[in-house]
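Here, each number is a calculation from the coordinates, and none is a lab measurement. The shown structure was predicted, so the numbers you read here are calculated from the model rather than taken from an experiment. Reconstructed Cβ throughout: ideal geometry from the backbone, glycine too, with neighbour counts over all protein chains shown.
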Amino acid sequence: MTQTIQRLFEVFESVTLTGPRQSGKTTLCRTLFQQLPYVNLEDQITLAKLKNNPRDFLAQFEHGCIIDEAQRAPEVFSYVQLIIDEDRFTDRHEHKYILSGSNNLSLIHNITQSLAGRTAILNLLPLSCNELTAHGINFTTNQLLLNGGYPAVWLSGEQYRSVILDNYYTTYVERDVRNLVNLTNMLQFNNFVRLCAGRVGTEFNASSLAVEVGVSVNTIKSWLSILTASYIVFTLQPFYANINKRLVKKPKIYFYDTGLAAHLMGINTQEQLAVHPLRGSLFENMVVTEFMKKAANNGINDSMYFYRDRTREVDLLQMSNDGTIKAFEIKSATRYNTDFVSNLNYLKKLMGDKVVSSTVIYDGPEEPISSQHKLINYRNL
C-alpha cells in the first residue's frame, strides 16, 4: 500500500487508513511518515487533552500528524477540515494528516460529515500471500489457512497461534461490539459468530441463524452489521443482470481472516484441518480475500460477485467498468480435474462475450488446459 498512499498524498492533504485491529495500520503509518508526530487516542490522557481544546491541541503540530483511533474523538475531524481548508485557501499546503481507526461505521460517518473530498480512504487488510513471501516466509497451504494474515501470529510462532487469536477475539472484537451496541447476552452473540465461521463461503441466511441462536432476524442482521464494521466478516453479493434465470438473492459470507475463522471453528492443528469438511470453504475464503487485498492495497474498489442459479455456481466474478467479466472457479485440490471448468463453460454459454476470461484457481501446478480457460496456483494470483 506504500506507493498508493504516497501517490494519494500528491492530491489529498489527508489519508484515512482503516481496517481490522492489529493488521499493521500503525506500523505502516509510523514507518512511512517518521517525520510526523504520532498521536494515539487510545491513551486516555491524550484523548482528554484533545477533547478539552481540539484547536490548540492540533496547533502544536506544525506540519500535521498521525492520529490513531481517530473515531474516539469525532470533533477532531471538523478541526482537521478547518486546517486543510485554510491551507488550500492560502495555497500553502503545509499540513499532512493520517487518520486511522478500526471502527469503519464511526470513521466513515465522521468523514462524510467533515472531510468529504479532503481525504482518501484506504483499507489495510491482514497480510497477503505476496507480502508473506516477500518477507521470506515459506508456508504450506494448511499453515496459511490456520495462521491467516495477522502479523502477530506469524511473528510469535504457531505454538502461540490459538492464544493470540483467542486474545484477539476477547480483547478487540468483544470490546468493539460493546462500543457499537448495548449487548445484553454475550453468549448468544458469541454463538452467532461461531456459527458464521462455520458458514464461510455459503449464503448468509438470517432466518436460519435466528432460529439457531434464539434471537430475532433483525437482531441477526444488526449483529452482521457490527461484525462488518469491525472488519471481522464481509459479504459477497450475488450477480444478476437481466438474466432470465432463477438466481439466488442472498449474499455469501466470508471472514477477513481465515486464521480467526478456523480458530472459531475449533480447528487448531494442521492434522485437524487436513481432514476437516470445511477445509475447501476456508481455501475459497482465503482466495477471495487475496483478491480483496490486492484491490485494497492499490486503492481500488473492485466489483466482485458470485454467480448461482438453481443448477450452477461460479465462485467469483470480477466486473470491470465496461461491464466485461472475469470468472474464477476456486478449488482446494492439488490435482486438476476436467470437471473444474464445467461451471465456467456454462457461464460462458450463458453470458457470451461478456465473459472475457475464465480461470481455475487451485493448489496444484500450473499447466495449459484449453484455449478457453487458464489454470493457476493461488500463490500466483
**Item:** Solution diffusion estimate, µm²/s, Stokes-Einstein, segment 208-302, Kirkwood Rh from C-alpha pairs, 20 °C, viscosity 1.002 mPa s
**Value:** 138
**Message:** Explain nothing, just compute: Karplus ³J(HN,Hα) = 6.51 cos²θ - 1.76 cosθ + 1.60, θ = phi - 60°, for every residue of segment 322-330 in order, whole Hz, x for Gly and Pro.
**Reply:** 8, x, 7, 10, 10, 10, 9, 9, 10
**Request:** On a C-alpha basis, how far is the centre of segment 303-381 from the centre of segment 157-174 in Å? Whole number, if you could?
**Result:** 35
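Can you divide the C-alpha Rg of segment 311-381 by 2.2 N^0.38 Å and report the result to two decimal places? Don't skip to the answer; put the middle values down first.
Details: Rg = 11.7 Å, N = 71, 2.2 N^0.38 = 11.1 Å.
It is 1.06.
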**Request:** Alpha carbons only, please: Rg and Dmax for segment 129-292, in angstrom.
**Result:** 16.5, 52
**Asked** Using θ = phi - 60° and the Karplus curve 6.51 cos²θ - 1.76 cosθ + 1.60, what whole-Hz ³J(HN,Hα) does each residue of segment 114-129 get, with Gly and Pro shown as x?
**Response** 10, 10, 4, x, 10, 9, 9, 10, 10, 10, 9, 9, x, 4, 8, 4
**Prompt:** Given that just one value was derived from the coordinates, which of (i) 17.3; (ii) 21.1; (iii) 19.6 is mean projected area of the Cα convex hull in nm²?
**Reply:** (ii)
**Asked** Counting every Cα pair in segment 2-123, what percent are over 21 Å apart?
**Response** 31
**Rh by Kirkwood over Cα pairs, then Stokes-Einstein D for segment 276-351 at 1.306 mPa s and 10 °C, µm²/s** = 116
**Asked** Antiparallel DSSP bridges in the chain: what percent, to the nearest 5?
**Response** 30
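Could you give the length gained by full extension between Leu187 and Asn138, i.e. 0.36 nm per residue of separation minus their alpha carbon distance, to one decimal place?
13.8 nm
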**Message:** Between segment 107-152 and segment 246-294, how far is it from one alpha carbon centroid to the other, in angstrom?
**Reply:** 17
**Asked** Tell me, what is the Rg over Rh of segment 225-381, with Rh the Kirkwood radius over Cα pairs?
**Response** 0.96
**Request:** Would you grab the residues whose amide H sits under 5 Å from the one on Asn40? Only those 5+ places off in sequence or on another chain, please, with H modelled 1.01 Å from N.
**Result:** Asp68
**Asked** Stretched out fully, how many nm does the piece from Tyr38 to Phe89 gain, at 0.36 nm a residue minus the Cα gap?
**Response** 15.7 nm
**Asked** At a Förster distance of 25 Å, what's the computed FRET efficiency of Arg312 paired with Ile376, Cβ-Cβ distance as r, to 0.05?
**Response** 0.70
**Message:** Along its three principal axes, how long is segment 89-199 when you only count alpha carbons? Whole Å, largest extent first please.
**Reply:** 56, 45, 23
**Message:** Please list, ordered by chain and number, the residues whose modelled amide H lies under 5 Å from the amide H of Ala120; skip anything fewer than 5 residues away on the same chain.
**Reply:** Ser14, Val15, Thr16
**Request:** List every residue whose amide H lies under 5 Å from the amide H of Lys374, counting only residues 5 or more places away in sequence or on a different chain, with H placed 1.01 Å from N in the peptide plane.
**Result:** Ser358, Thr359, Val360
